[in-house]
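As structure tokens, the structure follows; a few thoughts come after it.
The values are calculated or read from the model by the stated rules, or taken from the named source; none is laboratory data. Just so we're clear, the structure is a prediction, and the values are computed from it rather than from any experiment. Cβ coordinates were reconstructed from backbone atoms using ideal geometry, including for glycine residues, and neighbour counts include every protein chain displayed. Quick note on the areas: whole protein, heavy atoms, side chains included, nothing else; ligands and nucleic acids left out. Shrake-Rupley method; radii C 1.70, N 1.55, O 1.52, S 1.80 Å.
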Amino acid sequence: MPLKVLFAAHTDRWAEYEAPLNAAFEEAELKVDLARDHVPEVVDYIVYAPNGDLQDFSPFKSTKAVLSLWAGVESIVGNETLTQPLTRMVDSGLERGMVEWVTGHVLRHHLGIDQDVLGQNGAWRPHVPPLACERPVTILGLGELGKACGLALAQLGFPVIGWSRSEKKIQGINCIFGEENLATALQSASIIVLLLPLTSNTENLMNADRLAQLPKGAVVINPGRGQLVNDDALLQSLDSGHLSHATLDVFRIEPLPSEHPFWAHPKVTVTPHIASETRPTTAAKVIADNITRGEAGEPFLFLVNRKLGY
Ligand code: NDP
């Protein structure tokens with residue numbers, strides 16, 4: 001009997017994922033019946049994304065795991081009907097996309113690229129940027145994405161501090177951890193990149209007090225989640241001249257409403273939650289790998305810790 005795998009992401013995504021998933025199952029020698037309409041009672045695995053309709057997991061009595069296509073799981077982790085193991089997406093394509101987006105936006109601010117590409121008016125205004133080694137960058141969140149971004153920035157010569165919940169050792173990154181060391185991470189950041197998951201412990205982490213601990217002129221780059229930052233405090237800090245710019249990819253409400261002050265603010269760059277996306281071909285292999293593990297009775301990779309919320 002083939003395994004019944006339910007595809008429970010937005011229906012728009014089916015066309016992108018159907019072929020890569022079936023190819024990955026075949027390559028892994030898994031016999032799978034992949035569909036969008038299996039009845040819950042027969043489903044072995046659910047390939048899930050929060051943009052689909054599935055909310056109630058209670059009828060999925062024999063489902064062995066819910067495999068999220070998204071890295072961020074804040075919208076499902078507290079779902080009380082979800083009693084099955086939940087895995088999150090760790091995908092090499094997603095990681096490379098985030099490294100490119102973060103590096104690009106860090107370099108924009110570091111090099112002062114806007115001064116060269118915007119408003120050329122015949123005035124010769126030399127501005128030589130410092131070298132990367134003179135521009136400390138802090139990354140809050142040293143998980144799959146934060147670590148990869150930190151290593152890429154370190155490779156370019158930026159002194160990188162990475163902050164996490166638990167202790168880490170990563171060559172090239174000055175790793176610090178725990179709330180007691182957050183002030184150190186903030187105080188030395190010319191540019192700060194937020195790559196934390198949204199949990200009860202990280203919500204509003206960047207409030208007025210914490211923003212004030214950043215050095216004057218610092219830049220905030222947030223591809224993590226909108227709720228990590230207090231919007232009003234951020235706007236005040238930009239308006240007072242304390243922060244010089246914020247580049248934001250994620251927001252409390254998405255799409256960001258057209259009347260939101262971020263859109264018109266001269267010191268805010270809005271990007272429409274495009275920092276990175278799960279890539280179907282690489283992600284399909286991760287899903288197939290986890291199903292293989294489940295069938296072999298091995299522990300799933302990238303299991304979400306429901307207590308920690310990520
Ligand atoms: P991981 O779970 O791999 O890493 C999370 C990191 O945050 C870990 O280092 C963890 O610490 C740290 N962390 C969590 N809670 C705390 C805390 N209370 N204090 C200090 N550190 C904490 O996640 P990923 O790197 O895969 O993804 C990070 C986030 O990026 C996602 O949750 C999602 O919100 C966002 N994202 C955004 C995308 C976009 O397009 N904008 C695309 C994909 C993801 P520890 O290592 O000690 O556990």
Task: the range 1-77 - Rg over Rh from alpha carbon coordinates, Kirkwood radius - done: 0.94
Open item on the list: Normalised radius of gyration for the range 144-217, please: alpha carbon Rg relative to 2.2 N^0.38 Å, two decimal places.
Closed with: 1.07
Task: Dmax and Rg, reported as Rg then Dmax, of the chain (C-alpha, Å) - done: 21.3, 73
TODO: Only bridges with both residues in the range 67-187 count here: give the DSSP antiparallel percent, nearest 5.
DONE: 10 percent
Open item on the list: Using the crude model of +1 on Lys and Arg Cβ and -1 on Asp and Glu Cβ, and no other charge, please compute the dipole size for the chain relative to its Cα centre, in debye to 20.
Closed with: 800 debye
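Using a/c under 1.5 as the rounded threshold, could you call the range 100-200 rounded, prolate or oblate? The axes a ≥ b ≥ c are square roots of the C-alpha gyration tensor eigenvalues, and prolate needs a/b larger than b/c, oblate otherwise.
Judged from the Cα gyration tensor, the range 100-200 comes out prolate (a/c at least 1.5, a/b above b/c).
Counting only protein heavy atoms and a 1.4 Å probe, tell me what percentage of the chain's accessible area is made up of carbon and sulfur.
53 percent
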Task: Å² per residue, accessible surface of the chain at 1.4 Å - done: 49 Å²
TODO: Only bridges with both residues in the chain count here: give the DSSP antiparallel percent, nearest 5.
DONE: 5 percent
Open item on the list: Need the list of aspartates and glutamates near Lys31 for cross-linking: C-alpha distance under 19 angstrom, and skip anything on the same chain fewer than eight residues off.
Closed with: Glu18, Glu41, Asp44, Asp289, Glu295, Glu298
TODO: Identify which of His127, His245, His273 has the largest mean-square fluctuation in a Gaussian network model of the chain, with springs joining Cα atoms closer than 10 Å.
DONE: His127
Open item on the list: Mean-square fluctuation check for the chain, GNM, Cα pairs under 10 Å: which of Leu194, Leu34, Leu94 is largest?
Closed with: Leu34
Task: Above-threshold pairs, the threshold being 23 Å between Cα atoms, out of Lys4/Lys285; Lys168/Lys267; Lys4/Lys61; Lys4/Lys307; Lys168/Lys216; Lys147/Lys267 - done: Lys168/Lys267; Lys4/Lys307; Lys168/Lys216; Lys147/Lys267
- [ ] Quick one: which residues, 5+ away or cross-chain, put their amide H under 5 Å from the amide H of Ala218? H built at 1.01 Å from N.
- [x] Ser244
